[in-house]
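The values are calculated or read from the model by the stated rules, or taken from the named source; none is laboratory data. Note that the structure is a prediction, hence the values are computed from the model and not measured. For neighbour counting, all protein chains shown are included, and Cβ atoms are generated from backbone atoms with ideal geometry for every residue, glycine included.
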Amino acid sequence: MRARITPDLLQRSVISVPPLCRKNDLSLSEDANRAQLDHMRAGGVTTFLWGGNANLYNMGVREFESFLDMVERLTQPGDWMIPSIGADFGKALDQADILRERDFPTAMVLPLRFPSTPKGVAQGLSLLAARMGKPLIAYVKDDNYVDAADLGALVRDGAVCAVKYGTVRKNPADDAALADILRHVDPLLVISGIGERPVIDHARAFGLRAFTSGAVCIAPRLSTMILQALSTGDLARGAAIRETFLATEDLRDAHSPLRVLHEAVRLAGIAETGPMQPMLSNITDPDVLTAIQAAAIALRAENDRAQISRAAE
């Protein structure tokens with residue numbers, strides 16, 4: 001494996017998970033994606049994970065190469081760009097061949113919910129890492145997706161460099177599956193992968209320090225301030241800042257995290273995200289769009305009033 005992903009790298013920035021901006025003909029919009037990244041960089045964000053919110057589930061292998069070309073052109077010094085592959089094994093294998101020749105230190109494997117088995121997922125992750133010649137980020141989004149012991153073995157073998165944990169719980173502090181993973185994987189290599197809502201509980205109860213966010217696309221300063229609070233142990237401050245995200249997160253939970261974020265970035269005036277690629281579709285309900293716009297504008301206004309420390313810039 002040619003790259004070594006460290007806890008410091010995982011915690012250097014909030015791991016943003018942006019939507020992918022497209023033009024009306026569904027082609028990639030480089031200008032809009034640039035605007036989105038510039039907005040986040042202004043708030044201290046330097047890590048960009050293109051995955052579920054970018055709807056890479058539905059991206060073909062041929063467009064994947066064009067997407068990587070665009071990402072390479074958009075990358076600035078200090079950025080860390082992470083593409084995703086899959087979710088099915090065949091497509092992921094073809095994408096691993098492409099990434100083997102590219103200068104990306106890792107990629108995340110999108111979770112395949114069906115058809116898959118835990119042992120099959122473990123074998124697939126191992127084969128994909130070997131094919132790509134680089135370690136992978138595993139994305140655990142459901143119980144029984146992959147055995148915790150197998151996940152730990154993959155980390156020790158160098159096939160997996162980090163785990164994005166995104167299984168939703170009513171009480172994030174009470175999570176037996178996450179606790180099981182942490183018996184086999186260093187918590188500093190496990191990323192809280194469900195945005196701002198569970199991150200304080202994941203830090204307090206399980207010792208996680210890195211986290212992904214979609215709403216960081218709207219409020220990068222505020223999200224970076226939460227990351228700072230995690231690094232200093234000031235979880236009460238982090239919890240207070242988190243409250244500003246909940247109106248947007250409530251809408252995402254109610255109407256689809258991917259689709260709401262796609263509209264929220266546009267309605268907050270950050271970038272024209274355009275149409276969603278099938279098999280997803282844009283939200284068209286006027287009442288829902290009105291609610292998304294109000295929450296997104298309010299969140300951006302709070303972000304614009306916030307001040308982050310120079311250390312995070």
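Could you look through the stretch 41-65, keep only residues that are among the polar types (S, T, N, Q) and assigned to a loop (DSSP other than H, G, I, E, B), and pick out the one that is surrounded by the most Cβ atoms within 10 Å (Cβ to Cβ)?
Step by step, filter the stretch 41-65, then rank; the result is Asn53.
Taking every residue in the stretch 227-241 that is basic (Lys, Arg) and pairing it with any residue that is in a helix (DSSP H, G or I) and surrounded by 17 or more Cβ atoms within 10 Å (Cβ to Cβ), at least 6 positions away or on another chain, the pairs with Cβ-Cβ distances below 7 Å are Arg237/Ala229.
Could you pull out the residue among Thr75, Thr47 that is touching a Lys or Arg at 6+ places or on another chain (Cβ under 8 Å) and at pLDDT 95 or above? Of the residues listed, the single one that is touching a Lys or Arg at 6+ places or on another chain (Cβ under 8 Å) and at pLDDT 95 or above is Thr47. Residues that are closer than 28 Å to Asn144 by Cα and among the basic types (Lys, Arg) occur in the stretch 254-261; there is at least one. Does Val155 satisfy the criteria of being in contact with a helix residue (DSSP H, G or I) (Cβ under 6 Å, 6 or more places away or on another chain) and more than 17 Å from Ser13 (Cα to Cα)? Answer is no for this residue. Filtering the stretch 212-267 to residues that are among the aliphatic types (A, V, I, L, M), surrounded by fewer than 17 Cβ atoms within 10 Å (Cβ to Cβ) and within 24 Å of Leu9 (Cβ to Cβ) leaves nothing. Flag set for Val109, criterion: crowded, with 18+ Cβ neighbours inside 10 Å, under 30 Å from Ile218 (Cβ atoms), modelled with pLDDT of 95 or more and of a type in the set (A, V, I, L, M, F, W, C).
Looking only at residues in the stretch 136-152 that are among the aliphatic types (A, V, I, L, M) and within 16 Å of Pro187 (Cα to Cα), which one is surrounded by the most Cβ atoms within 10 Å (Cβ to Cβ)?
Ala138
Pairs linking a residue in the stretch 84-108 that is on the phi > 0 side of the Ramachandran plot to a residue that is part of a loop (DSSP other than H, G, I, E, B) and aliphatic (A, V, I, L, M), with Cβ atoms under 9 Å and 6 or more positions apart or on different chains, are Gly86/Leu110; Gly86/Leu112.
Look at Thr244 and say whether it is within 27 Å of Ala301 (Cβ to Cβ), more than 18 Å from the chain's Cα centre (by Cα) and among the hydroxyl-bearing types (Ser, Thr, Tyr). Yes; evaluated as a whole, the condition is true for this residue. When Gln228 is tested against the conditions (1) over 29 Å from Asp79 (Cα atoms); (2) touching a helix residue (DSSP H, G or I) at 6+ places or on another chain (Cβ under 8 Å), the lone failure is (1).
Exactly one residue out of Ile283, Ile292, Ile297 is buried (at least 21 other Cβ atoms within 10 Å of the Cβ) and more than 20 Å from the chain's Cα centre (by Cα), and it is Ile292.
Would you confirm whether any residue within the stretch 92-104 is over 14 Å from Glu65 (Cα atoms) and assigned to a helix (DSSP H, G or I)?
Within the stretch 92-104, not a single residue is over 14 Å from Glu65 (Cα atoms) and assigned to a helix (DSSP H, G or I).
May I ask you to list the residues in the stretch 22-40 that are surrounded by fewer than 18 Cβ atoms within 10 Å (Cβ to Cβ), of a type outside the set (Asp, Glu) and part of a helix (DSSP H, G or I)? Scanning the stretch 22-40 gives Arg34, Ala35. The residue pairs whose first member lies in the stretch 45-68 and is farther than 18 Å from His262 by Cα and touching a residue at least 60 places away in the same chain (Cβ under 8 Å), whose second member is of a type outside the set (D, E, K, R) and part of a loop (DSSP other than H, G, I, E, B), and whose beta carbons are closer than 9 Å, counting only pairs six or more residues apart or on different chains, are Val45/Ser13; Val45/Val14.
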